[in-house]
1. Where residues in the stretch 582-596 are part of a helix (DSSP H, G or I) and out of contact with any helix residue (DSSP H, G or I) (no Cβ under 6 Å at 6 or more places or on another chain), which of them is farthest from residue 554 (Cα to Cα)?
2. Can you name every residue in the stretch 597-624 that is without any contact (Cβ under 8 Å) to a residue 12 or more places away in the chain, among the basic types (Lys, Arg) and in a helix (DSSP H, G or I)?
3. How many residues are more than 24 Å from residue 253 (Cβ to Cβ) and either charged (D, E, K, R) or out of contact with any strand residue (DSSP E or B) (no Cβ under 6 Å at 6 or more places or on another chain) (or both) when one looks only at the stretch 471-488?
4. One residue is enough: does the stretch 597-610 have a residue meeting the conditions in contact with a Gly (Cβ under 7 Å, 6 or more places away or on another chain) and surrounded by 15 or more Cβ atoms within 10 Å (Cβ to Cβ)?
5. Restricting to the stretch 326-338, name every residue that is of a type outside the set (Asp, Glu) and open to solvent by 50 Å² or more (accessible area, probe 1.4 Å).
6. Look at the stretch 435-467 and say how many of its residues are farther than 16 Å from residue 218 by Cβ and crowded, with 21+ Cβ neighbours inside 10 Å.
7. Give the residue that is surrounded by the fewest Cβ atoms within 10 Å (Cβ to Cβ), with candidates limited to residues of the stretch 126-162 that are of a type in the set (Val, Ile, Thr) and over 17 Å from the mean Cα position of the chain (by Cα).
8. Take the residues in the stretch 163-173 that are free of Cβ contacts under 8 Å to residues at least 40 places away in the same chain and part of a helix (DSSP H, G or I); name whichever of them is surrounded by the fewest Cβ atoms within 10 Å (Cβ to Cβ).
Amino acid sequence: MCYTIVDAFRFGLFRKQTPRVCAWKDKNTLQAFSPAKAIQGLKPLEDGCLLVLSILDTNTAKNLFAEIERSIVLAEKLKIIPLGGLDEIGKNITVLEYGKDMIVVDCGVGFPEEDMYGVDLVIPDFSYLVANQKKLRGFFITHGHEDHIGSIPYAMREVNCPIHGTAMTNGLIKLKLEEHKLADKVKLVTHKPGDVVKAGCFQVEFIHVNHSIADAVAFAIHTPVGTVVMTGDFKIDPTSKDGMMDLARLGELGKQGVLAMLSDSTNVERSGYTPSENLVAESLDRQFRNCDQRIIVTTFASNMHRIQSIIATAQRHGRKVAVTGRSMENMLKVAQELGYLKVKQGTIVDLASIKSLPKNKIVIVSTGSQGENMSALYRMAFNTHKQVEITAGDRIIISASAIPGNEKAVSKIINELYRKGADVVYEKSEGLHVSGHACQEELKIIHGLVKPKFFIPIHGEQRHLQIHSKLAQTMGMNPKNIFIGEIGSVFELTAKSCKLKGTVTAGKIFVDGTGVGDVGSVVLRDRKHLAEDGMIVVCVNLSAEDGSIITGPDIITRGFIYVKESEQLMEALQGVATEAIERCQRKNIRDWSAIKSTIKNDLSGYLYKTTKRNPMILPVISEI
């Protein structure tokens, strides 16, 4: 009888530090050894071969395979390393590493905080991936939101490897790669729920979930030490247009045994269940009904189910649909090409043609639900949109909730729309948005189905992670089996244990325009200083012979005072700077650094004493 170990890589057999096995055709010799001795007596095969044993004794073969697996499990440990997504919302990226194989799950961006002046995006630190790029077997992406795919172009510049995702996810990734001129250099591999992908010693299974974007999946990652379930972002929506989350498969995995689960913690503070997307469709229909004015709807461009509801509602009420905003236009293009949007011919019209249509026959779908300065809705509200101007009576539907940190920007737009006489309808007053993340009761269902041995809450700030830990304990989990880490924490797992074992290089890299990583804490500190206190530049020309003042010092200010109304202070500053330079001359100090330091110290002390302010001071010295 011929037995094949399905894949030698599954057990990590081809490693210098672990036992190797070769084909053994002499059943008598094999049976003369115990399984452990049989392993020691076998000669190694070359890397990459499948193992075939021709054995008549079934029990001996089974024992041998079990001994092989036990010896390998003892030799290697699975490492789970979150490089983002802990103690923060966004920038989700997690590494799984076993021996010489490594995969990455998600690769998202974070968004700048208020004190990150001039920063456009925050991406993960890829140092650990770069240092181990020979181990990389692929990136696996749960869905197409920015906090899960936004950093992919930056990662691919550093470590180019295959990217695995569903059709919609890969369509959005392709757009990003095209923007960065990387589309021809990166391999995108498309899968559907139910597919199992081999990546080194890992087997990655795609599992359908519900979320606020089409084609979202969770992963069951089968490793040599056990199965790891990563839920990605999800909720349970029995009436979702793309079918309910595959709870049955998660239940099967739970019965088979799950080593660890990493689960979304975003909505863990909310009790109950997340409402269905169908409720939003009903609310939209109420807003369209009996409205004889132009309707403008803004929502997240990635929420295809919501956009489908808007288009379907417009069709029922006899309205044409126009789209504005680059991200919305790109999203619709991808969704239509892949068949995720069902639109009757002639429903979607060009934005330029809406002027010829009656107002009660128009719906404009726009970007700008988060108050972004360059978004289409912002430009409409502040009269800078080239094709659409808000007029009194327009009904503006904001079908989204403000992401934490964006509340002021959204309020600014709402106030401006009201000022123009528009009828503004938003989530707080009309229930026009539902979350894409699971609330407490849904999280409990997943814990009950999966029954993991170990639990690592992810995708949340510290309070979310801690609350999720307590929720898991209410489901019967031992607190000793729940682990809360930080970005860069290394979780080492065997079939029976999980431990925190040190850290790797991780953190935040700032993107400013085309610059990646050239804005650090020092630059941000300077920008914050300039924003809060302004700047003073002291320009002076000194003699090359004796260091005396030839011209100046001239005082230039930016963001500090209005010069024409502060002439007395300006004259005083010139006097302080002159005295500082002359004091250096008397002490025969000719070093420019020392002279600049003296000027800065004297001016800083005088300004704080007289104004209680501390502007940035930049002396500029020229020698003539």
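1. 586
2. 609 - this is the single residue of the stretch 597-624 that is without any contact (Cβ under 8 Å) to a residue 12 or more places away in the chain, among the basic types (Lys, Arg) and in a helix (DSSP H, G or I).
3. 1
4. No, because not a single residue in the stretch 597-610 is in contact with a Gly (Cβ under 7 Å, 6 or more places away or on another chain) and surrounded by 15 or more Cβ atoms within 10 Å (Cβ to Cβ).
5. Passing the criteria: 326, 327, 333, 336, 338.
6. 4
7. Looking at residues that are of a type in the set (Val, Ile, Thr) and over 17 Å from the mean Cα position of the chain (by Cα), I get 130.
8. Step by step, filter the stretch 163-173, then rank; the result is 170.
The values are calculated or read from the model by the stated rules, or taken from the named source; none is laboratory data. Owing to the predicted nature of the structure, the values given are computational and were not obtained by experimental measurement. Please note: Cβ atoms are built from the backbone with ideal geometry, for glycine as well, and neighbour counts cover all protein chains shown. Heavy atoms of the whole protein, side chains included, go into the accessibility calculation; ligands, DNA and RNA do not. Shrake-Rupley method; radii C 1.70, N 1.55, O 1.52, S 1.80 Å.
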